[in-house]
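Report on the structure given below.
The values are calculated or read from the model by the stated rules, or taken from the named source; none is laboratory data. Owing to the predicted nature of the structure, the values given are computational and were not obtained by experimental measurement. Positions of Cβ are backbone-derived with ideal geometry, glycine not excepted, and every protein chain shown enters the neighbour counts. Note: accessible area is taken over every heavy atom of the protein model, side chains too, but ligands, DNA and RNA are not part of it. Shrake-Rupley method; radii C 1.70, N 1.55, O 1.52, S 1.80 Å.
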Amino acid sequence: MMNGNENRIQELEEALRAAEEANRAKSRFLSSMSHDIRTPMNAIAGMTAIALSHIDEKARVQDCLQKIQTASSHLMSLVNDVLDMSRIDSGRLALNEEQFDLADLVHDVAVIVRPQAREKGQEFRLEIGRVRQELLLGDPLRLRQILVNIISNAVKYTPEGGIVRISFSQRVEPERVWLDFVCEDNGIGMSGDFLLRIFQPFERVRTAQVSRIEGTGLGMSIVKNLVDQMKGTISVESREGEGSRFTVALPFPAAARETRTAFLPGRTVLVAEARDAGQTEECLREIGLEPVRLAAGLEAVAWLTEARCEGRMPCAMLLGQSLADMPVLDAARHVRQLAGREFPILLASEEDWASMEYQATRAGVSAFVPCPIFPSRLYSALSQLLAGEQETAGDLSGQEEDYSAFRALLVEDNELNQEIAIELLGMTGVQVETAGDGAQALEKFSASPEGWFNLIFMDVQMPVMDGYEATRRIRALPRRDAKRIWIVAMTANAFIEDVRLSQEAGMDEHISKPVDLKRLKDTLRRLLPQERDGAQTGEELP
């Protein structure tokens with residue numbers, strides 16, 4: 001009996017110590033959050049004041065706005081971490097399931113983290129191993145959150161000039177696909193003691209080296225919870241002063257496999273690349289083509305000259321990121337002059353296409369493939385070129401689209417948010433009419449001719465009538481366009497449950513505030529082209 005009491009007392013003492021440590025961690029968290037939130041808020045307020053006092057100096061105002069944008073993004077990441085942790089603690093964090101393209105997701109992650117590494121002069125390596133299934137079923141938003149969190153930490157805690165290596169690969173089973181992700185760096189590393197607490201909320205490394213690095217201490221706890229919800233695994237290896245290695249394995253049901261028509265066997269592609277091109281060569285073989293790789297531009301030109309004389313020209317040339325003897329675009333100019341206007345020249349690069357499009361197209365580049373290279377993207381670019389449906393690289397990169405033939409009804413009760421949305425939509429060319437609440441939106445839509453509006457941007461929380469009720473009533477109207485018009489939730493309600501509520505009310509898409517211009521353009525590009533040829537301007541629907 002006494003022994004049982006002693007055990008109970010020991011358990012209670014351990015529970016008390018754990019509770020006290022949790023309270024201390026929360027106190028440290030609140031202290032650091034006060035500092036971390038005030039830092040970007042101070043930047044936003046200060047830079048706004050400076051911009052207003054130098055309103056006639058365009059360069060000064062532009063510099064202030066860029067700094068305000070950076071500080072705002074950081075502040076949003078802090079708020080999102082706190083909200084996510086709250087949802088996790090209450091058991092209300094739900095995962096979505098939708099089909100997504102792994103190539104698109106990896107590219108998005110690279111776009112986010114590569115500039116961070118470049119700013120610190122770090123060597124950032126992103127490698128793709130064996131990938132057999134690019135279309136997967138799962139929650140791409142949460143997967144992106146896991147990857148960006150881990151990689152951003154690696155960049156953050158690796159000194160200038162360090163190395164961050166990322167790799168993706170797959171293991172395919174009959175019913176599912178395992179995505180294996182590894183992130184390793186040669187940064188400051190972690191102690192064995194901290195590794196035991198790394199996935200606990202509010203925990204951060206506390207050394208003089210990282211005292212200036214901002215963060216909530218919630219990121220890795222959120223990552224661990226998301227990985228657990230996805231029924232995956234995560235492990236960490238680290239030594240102080242030597243760096244860290246994170247390994248994540250996540251299972252996904254495979255979506256429908258993309259069918260590809262194989263290229264004719266025996267066709268070759270000349271690969272000009274000084275770096276290791278093993279993954280590129282494997283991609284080419286996977287889609288039925290035989291690579292011939294050369295490391296120097298002059299070698300490539302000489303090989304093509306002989307091939308042309310002997311009647312064995314390759315079907316295309318793939319230029320990599322660097323050559324041993326000349327800039328890549330100089331090689332493109334030589335090859336274009338030698339091989340003629342119709343010969344396909346593809347450029348594969350980690351660089352942002354928008355920054356190099358003009359020079360590349362003038363040098364003779366026919367198409368662009370972003371790195372890291374996935375078989376689907378390489379196949380798509382080559383099949384268009386080799387089928388005689390050549391698109392210029394500029395076309396592939398996505399030109400600015402003109403939506404001036406379309407009309408949108410913007411439903412928003414907050415005047416400032418309404419002004420922002422009107423300005424963002426105006427950048428796309430869309431004609432905008434406004435309503436201050438759901439009742440006004442219903443009245444305005446009912447009074448308009450059929451086909452007058454092409455889409456509705458609907459706030460959710462509004463006086464008089466909320467967005468859900470307004471959507472349900474619009475859908476119930478006895479007119480043909482009420483069922484088919486696109487209704488997009490534009491709201492601060494940003495969780496998965498909120499997306500489901502908007503879908504149940506009859507909305508087609510969901511854009512969370514603050515509204516991102518790129519996300520807005522992506523939504524327009526996805527929805528409006530389906531009606532582009534029949535865009536209505538007050539005319540009756542056919």
Exercise. Out of Thr261, Thr268, Thr247, which single residue is of a type in the set (S, T, N, Q), modelled with pLDDT of 90 or more and within 22 Å of Leu386 (Cβ to Cβ)?
Worked result: Thr268
For this session: Determine the pairs where a residue that is on the phi < 0 side of the Ramachandran plot, located within segment 299-315, has a partner that is open to solvent by 50 Å² or more (accessible area, probe 1.4 Å) with Cβ atoms under 7 Å apart, the partner being 6 or more residues away or on another chain.
Result: Val301/His334; Ala307/Met313; Cys315/Arg267
Problem set entry | segment 213-239 - residue that is farther than 16 Å from Arg197 by Cβ and among the polar types (S, T, N, Q) and, of those, modelled with the lowest pLDDT | Gln229
Exercise. Among (1) open to solvent by 60 Å² or more (accessible area, probe 1.4 Å); (2) within 22 Å of Ile420 (Cα to Cα); (3) at pLDDT 90 or above, which single condition is Arg525 missing?
Worked result: (3)
For this session: Name the single residue, out of those in segment 188-212 being at pLDDT 80 or above, open to solvent by less than 50 Å² (accessible area, probe 1.4 Å) and aliphatic (A, V, I, L, M), that is farthest from Lys156 (Cα to Cα).
Result: Leu195
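Only one of Leu52, Leu105, Leu75, Leu93 is open to solvent by less than 90 Å² (accessible area, probe 1.4 Å) and either among the aromatic types (Phe, Trp, Tyr) or modelled with pLDDT of 80 or more (or both). Can you tell me which? Write out each step before concluding.
Numbers: Leu52 fails: open to solvent by less than 90 Å² (accessible area, probe 1.4 Å); Leu75 fails: either among the aromatic types (Phe, Trp, Tyr) or modelled with pLDDT of 80 or more (or both); Leu93 fails: either among the aromatic types (Phe, Trp, Tyr) or modelled with pLDDT of 80 or more (or both).
Answer to the selection: Leu105.
Return the residues of segment 354-374 that are out of contact with any Lys or Arg (no Cβ under 8 Å at 6 or more places or on another chain) and either under 19 Å from Arg275 (Cβ atoms) or outside any helix (DSSP H, G or I) (or both); say none if nothing qualifies.
Met356, Ala360, Val365, Ser366, Ala367, Phe368, Cys371, Pro372, Ile373, Phe374
Might you let me know whether segment 172-187 holds any residue that is open to solvent by 60 Å² or more (accessible area, probe 1.4 Å), among the hydrophobic types (A, V, I, L, M, F, W, C) and either modelled with pLDDT of 80 or more or within 20 Å of the chain's Cα centre (by Cα) (or both)? Give the derivation first.
Kept after step one, since they are open to solvent by 60 Å² or more (accessible area, probe 1.4 Å), are these residues of segment 172-187: 172-176, 186.
Cutting the leftovers down to among the hydrophobic types (A, V, I, L, M, F, W, C) gives us 172.
Next cut, either modelled with pLDDT of 80 or more or within 20 Å of the chain's Cα centre (by Cα) (or both) only: 172.
There is at least one residue in segment 172-187 that is open to solvent by 60 Å² or more (accessible area, probe 1.4 Å), among the hydrophobic types (A, V, I, L, M, F, W, C) and either modelled with pLDDT of 80 or more or within 20 Å of the chain's Cα centre (by Cα) (or both).
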Exercise. Restricting the first residue to segment 502-513 and requiring it to be closer than 15 Å to Ala492 by Cα and in contact (Cβ under 8 Å) with a residue 24 or more places away in the chain, which pairs with a second residue that is open to solvent by 20 Å² or more (accessible area, probe 1.4 Å) and outside any helix (DSSP H, G or I) meet a Cβ separation below 7 Å and a spacing of at least six or different chains?
Worked result: Ser502/His510; Lys513/Ala492
